[in-house]
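Please read the structure below before turning to the comments.
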Amino acid sequence: MGKTATLGTESSNHQFPVVTGSVGPDVIDIRKLYAETGMFTYDPGFTSTASCESALTYIDGDEGVLLHRGYPIGQLAEQSSFMEVSYLLLNGELPSKDELAQFETTITRHTMLHEQLATFYRGFRRDGHPMAIMCGVVGALSAFYHDSTDISDPLHRKISSHRLIAKMPTIAAMAYKYSVGQPFVYPDNSLSYTGNFLRMTFGVPAEPYVVNPVVEKALDRIFILHADHEQNASTSTVRLAGSSGANPFACIAAGIACLWGPAHGGANEAALNMLHEIGTPDRIPHFIERAKDKNDPFRLMGFGHRVYKNYDPRATVMQQTVREVFDALKVNDPVFEVALQLEEMALNDPYFIEKKLFPNVDFYSGVILSAIGFPTTMFTVLFALARTVGWVAQWNEMISDPGQIGRAHV
Ligand code: SDX
């Protein structure tokens, strides 16, 4: 018998198998706990609970390590494209040159939306938050792509996965265009995945749009940083929805809804709003004191993380990317200086040191996205666009190794 853990209750002792993964802490398999003891575990925030077995992503929060299929995030951000990382997450290995070319061609050829979906947008108010539109439109995809919703068919799973990854930029760009009253711009198959998104977002039919290669590279890197992140709240939502057999479009729509919260993917929008509210470096101490005040609900948005008790490695890459974009676009926005000084003061404050609160992926992303020209309401939309590949990969991993429908107890 392998390693076991013993749980002693008042009346008896019970042994449970201990499982060792390829990396990270051992887990105690407690699936038979209730049957053997009549007791549940209680872990409402899943702070000590592994909900699944996965080979996609590993985080060591104490060391500030993030690996996708074993590759460090810093290496991927530096050496790979978002399409290469998407292939890696979906297939387990980085693609060869031919595999990448075939994957990019497949994705490119699925970027158009069913034309009737364009009228779907006209049912929304122009000032509706684009995340509300994303939830609605992505959930509606299953009404248009009936031919890829049989989750038991690997081919259906593959084409719906490709459709979701391919169409998210088009859906996101259309949400932005609708909010600013400009006409939708169709995909251009001659452009890269990210370049195509930039043109659909900022291009207009009245004149040619030239993709800025520095912005294209920076945004592609931002997509890599947001691609996947173990069992975060929205990924767990996608998996839970998938465990009921719901179609992939409905599962991703559920993930989008969860990501919208300010404690999760909505933090990038909240972080930039906070930096603008601070306004100047001399006001930083006041906000740091507010963040430490238990009677004040204010928190430093973009700071802290459930897993990282060290610097979020994505924030490191993000800060470097701010400098590149600001230099390339000759941006002189004081908000970056406020962010740098806020980080410096917080990281030297005993409260943040004791609670191990560091900048996370959301702290600097808004500064870059704003410099590129996105309104704050689009920040979480971009997070959802990039995280779709992680959600899809996690959904495929779960469906191909079906377990029970997820259902907790009280
Ligand atoms: C994302 O899970 C993921 O992987 C998510 C994500 C991904 O890629 O999917 O990484 C993306 O969601 C990043 C996080 C974005 N959210 C924010 O930046 C919002 C601000 N951060 C916090 O709300 C908070 O840090 C969380 C929600 C991110 C994490 O909270 P935890 O782990 O549940 O920790 P906690 O709320 O219990 O906080 C521990 C202590 C508390 O103080 P005490 O009750 O112990 O006295 O730290 C304090 C908190 O009050 N604290 C903060 C703080 N974050 C935590 N105090 C001030 N400012 C903050 N930002």
Under 19 Å from residue 158, Cα to Cα: lysines that are on another chain or at least 8 residues apart: 167
Quick one: 3J(HN,Hα) in Hz for segment 74-82, Karplus 6.51/-1.76/1.60 with θ = phi - 60°, rounded, Gly and Pro as x. x, 5, 5, 5, 7, 10, 10, 9, 4
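For the chain, what does -39500 (n - 2.57) per DSSP helix run (n ≥ 4), summed and divided by total residues, give at 222 nm, in deg cm²/dmol to the nearest 500? All intermediate terms of the calculation are to be shown ahead of the outcome.
On the way: 18 runs with 216 residues, N = 410.
Theoretical 222 nm ellipticity from helices: -16500 deg cm²/dmol.
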Label-point gap, in nm, between residue 189 and residue 277 - each point 7 angstrom along Cα→Cβ: 4.8
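With the Cα gyration tensor of segment 147-206 giving a ≥ b ≥ c as the square roots of its eigenvalues, does the rule (a/c under 1.5 for rounded; else a/b larger than b/c for prolate; else oblate) give rounded, prolate or oblate?
Values: a/c = 3.68, a/b = 2.21, b/c = 1.67.
Because a/c hits 1.5 or more and a/b exceeds b/c, segment 147-206 counts as prolate.
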Kindly put 330, 158, 3 in sequence by how many other C-beta atoms sit within 10 Å of each C-beta, fewest to most. 330, 3, 158
Please turn the phi angles of segment 310-326 into ³J(HN,Hα) values with the Karplus equation 6.51 cos²θ - 1.76 cosθ + 1.60 (θ = phi - 60°), one per residue in order, whole Hz, x for glycine and proline. 9, 5, 5, x, 6, 5, 4, 5, 4, 5, 5, 5, 4, 4, 4, 5, 4
When the charge dipole of segment 313-410 is computed with +1 on Lys and Arg Cβ and -1 on Asp and Glu Cβ about the Cα centre, the Cα farthest towards its positive end, among 341, 351, 395, belongs to 395
Given charges at Cβ of Lys, Arg, Asp, Glu: the chain dipole, positive-most of 331, 226, 243: 243
Note, segment 97-107: 3J(HN,Hα) by Karplus (6.51, -1.76, 1.60, θ = phi - 60°), whole Hz, Gly/Pro = x, goes 4, 5, 4, 5, 4, 5, 5, 5, 5, 4, 5
Give me the dipole magnitude in Debye, nearest 20, for segment 266-410 about the Cα centre, with unit charges on the beta carbon: positive for Lys and Arg, negative for Asp and Glu. 440
Could you work out how far apart the two model spin labels at residue 7 and residue 115 are, taking each label as a point 7 Å from the Cα in the direction of the beta carbon, and quote it in nm? 5.9
Expressed in angstrom, Rg and Dmax over the Cα atoms of segment 258-410 are 17.3, 55
Rank by packing, highest mean first: peptides 333-345, 307-319, with packing defined as the count of other Cβ atoms within 10 Å averaged across residues. 307-319, 333-345
Between the residues 92, 142, 192, the Cα farthest towards the positive end of the dipole of the chain, that dipole coming from +1 and -1 charges on the beta-carbon of Lys, Arg, Asp and Glu, is from 142
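Let's test the formula: R0 of 25 Å, r as the Cβ-Cβ distance of residue 55 and residue 75. What FRET efficiency results, to the nearest 0.05?
Taking R0 as 25 Å, the efficiency between residue 55 and residue 75 is 0.90.
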If you average 1/r over every pair of different alpha-carbon atoms in segment 173-253 and take one over that average, what Kirkwood value in Å do you get? 15.0
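Filter 177/330; 294/355; 3/309; 177/217; 292/355 down to the pairs with a C-alpha to C-alpha distance above 18 Å, please.
On the way: 177/330 26 Å; 294/355 14 Å; 3/309 29 Å; 177/217 22 Å; 292/355 11 Å.
Where the Cα-Cα span goes over 18 Å, the pairs concerned are 177/330; 3/309; 177/217.
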For residue 232, distant residues with modelled amide H under 5 Å away: none
Sorted by average packing, counted as other Cβ atoms within 10 angstrom per residue and highest first, what order do 137-150, 383-396 take? 383-396, 137-150
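Taking the Cα centre of the chain as origin and charging only Cβ (+1 Lys, Arg; -1 Asp, Glu), how large is the dipole, in debye to the nearest 20?
Dipole size: approximately 860 debye.
Read-outs throughout are calculated quantities, based only on the coordinates presented, and are distinct from any laboratory measurement. If you're wondering where the values come from, they're calculated on a predicted model, not measured in any experiment. All Cβ positions, even for glycine, are placed from backbone atoms using ideal geometry, and neighbour counts span all protein chains on display.
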